[in-house]
1. Cβ-Cβ distance below 6 Å, separation of 6 or more or different chains: which pairs start in segment A:21-49 with a residue that is modelled with pLDDT under 95 and end on one that is among the acidic types (Asp, Glu) and crowded, with 18+ Cβ neighbours inside 10 Å?
2. Would you mind finding the one in A:11, A:36, A:95, A:43 that is at the interface with chain B (Cβ under 10 Å from one of its Cβ atoms) and in contact with a Gly (Cβ under 7 Å, 6 or more places away or on another chain)?
3. When residues of segment A:86-122 are filtered for being part of a loop (DSSP other than H, G, I, E, B) and at pLDDT 95 or above, how many remain?
4. Scan segment B:87-97 for residues that are at pLDDT below 95 and more than 9 Å from every other protein chain (Cβ to nearest Cβ) and jot them down.
5. Scan segment B:59-96 for residues that are among the charged types (D, E, K, R) and surrounded by 19 or more Cβ atoms within 10 Å (Cβ to Cβ) and jot them down.
6. Among residues belonging to segment B:37-62 that are more than 13 Å from residue B:92 (Cβ to Cβ) and within 10 Å of the chain's Cα centre (by Cα), point out the one that is farthest from the other protein chains (Cβ to nearest Cβ).
7. Please verify whether segment B:1-16 includes one or more residues that are part of a helix (DSSP H, G or I), modelled with pLDDT of 95 or more and within 12 Å of another protein chain (Cβ to nearest Cβ).
8. Give me the residue from segment B:63-86 that is of a type in the set (A, V, I, L, M, F, W, C) and either more than 21 Å from residue B:2 (Cβ to Cβ) or in a loop (DSSP other than H, G, I, E, B) (or both) and, out of that set, nearest to the other protein chains (Cβ to nearest Cβ).
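The values are calculated or read from the model by the stated rules, or taken from the named source; none is laboratory data. As the structure is a prediction and not an experimental result, all values here were calculated from the model. Using ideal geometry, Cβ is built from the backbone for each residue, glycine included, and neighbour counts are taken over all protein chains shown.
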Amino acid sequence: MAKLSIENKIENLNKLAEFIENFGEEHELSPKNIFELNLILDELITNIISYAYEDDSDHIIELDINKEKDELKIQLIDDGKEFNPLEKEEVKLDEDLDERKIGGLGIHIVKEKTDEIKYKRESNKNILMLKKKLK
Amino acid sequence: MEINEVKKDTYNLLNVNGRLDSTTAPEFEKALLNSIDAAKENLVNFKDLKYISSSGLRVLLVAAKKLSATGKKLTITAMQDHIKEVFDISGFTGLFNILPENPYEQ
């Protein structure tokens with residue numbers, strides 16, 4: 001099990017990338033799995049840092065990653081405002097350039113690159129549990 | 001991330017190296033919006049791009065929309081397979097002119 005506490009500043013995404021590189025090396029993940037794991041967590045944590053907090057205080061986002069056989073189990077906890085990514089409207093991928101919306105792609109990518117996503121709100125925290133099969 | 005701009009009479013090309021995420025997307029946005037010129041061919045070369053997130057895709061979409069007002073497409077060249085796959089799952093492939101190699105490679 002690997003744990004990372006991330007302060008809600010966008011430059012900390014570099015720490016995330018480094019953490020995932022180390023985790024990937026330690027567990028002998030393929031470059032593709034490392035890239036996708038980084039992408040999933042980058043999208044989720046960027047969203048949290050950008051939208052979850054309505055004050056200027058420091059907040060800590062807690063990340064846990066567990067490798068079990070050929071699967072990664074990931075838990076992400078933040079104390080921001082309630083946000084269930086599963087309830088977010090799906091982006092329309094078949095629209096022309098002119099109609100194509102600018103936002104919403106991050107969550108779409110997360111859904112595409114994970115095998116299971118569960119969300120719960122508990123003691124004023126968002127708890128996201130993800131599973132990703134290693135291929 | 002490092003950006004290197006090539007300006008020629010008929011085209012403008014940006015070489016983008018390294019990681020394109022929410023920490024570097026603002027710099028990329030500035031460079032790309034400055035570089036695009038409706039009178040020329042506009043290319044972004046991703047040969048040495050290692051990583052892209054939706055923050056980078058967003059910038060490409062903004063630039064492509066700006067160009068499309070003049071009937072032109074933004075060209076993306078030499079994407080590595082894992083980057084191309086992010087384009088595919090995001091439904092971006094049809095929105096850009098995608099080339100396997102940079103045609104102006106020196």
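1. none
2. Working: A:11 fails: in contact with a Gly (Cβ under 7 Å, 6 or more places away or on another chain); A:36 fails: in contact with a Gly (Cβ under 7 Å, 6 or more places away or on another chain); A:95 fails: in contact with a Gly (Cβ under 7 Å, 6 or more places away or on another chain).
Just one listed residue meets the conditions, A:43.
3. Step one: filter segment A:86-122 for residues part of a loop (DSSP other than H, G, I, E, B), giving A:88-104, A:114-115.
Next, from what is left, pick out any that are at pLDDT 95 or above: A:114-115.
Qualifying residue count, segment A:86-122: 2.
4. B:93
5. Of all residues in segment B:59-96, those among the charged types (D, E, K, R) come to B:65-66, B:72-73, B:81, B:84-85, B:88.
Answer for segment B:59-96, where residues must be among the charged types (D, E, K, R) and surrounded by 19 or more Cβ atoms within 10 Å (Cβ to Cβ): there is none.
6. Residue satisfying both the conditions and the ranking: B:45.
7. Pass one, segment B:1-16, residues part of a helix (DSSP H, G or I): none.
The answer is no; no qualifying residue exists.
8. Of the residues in segment B:63-86, the ones of a type in the set (A, V, I, L, M, F, W, C) are B:63-64, B:67, B:69, B:74, B:76, B:78-79, B:83, B:86.
Next cut, either more than 21 Å from residue B:2 (Cβ to Cβ) or in a loop (DSSP other than H, G, I, E, B) (or both) only: B:64, B:67, B:69, B:74, B:78-79.
Working: B:64: 6, B:67: 9, B:69: 9, B:74: 10, B:78: 17, B:79: 13 Å.
Going through the qualifying residues, I end up with B:64.
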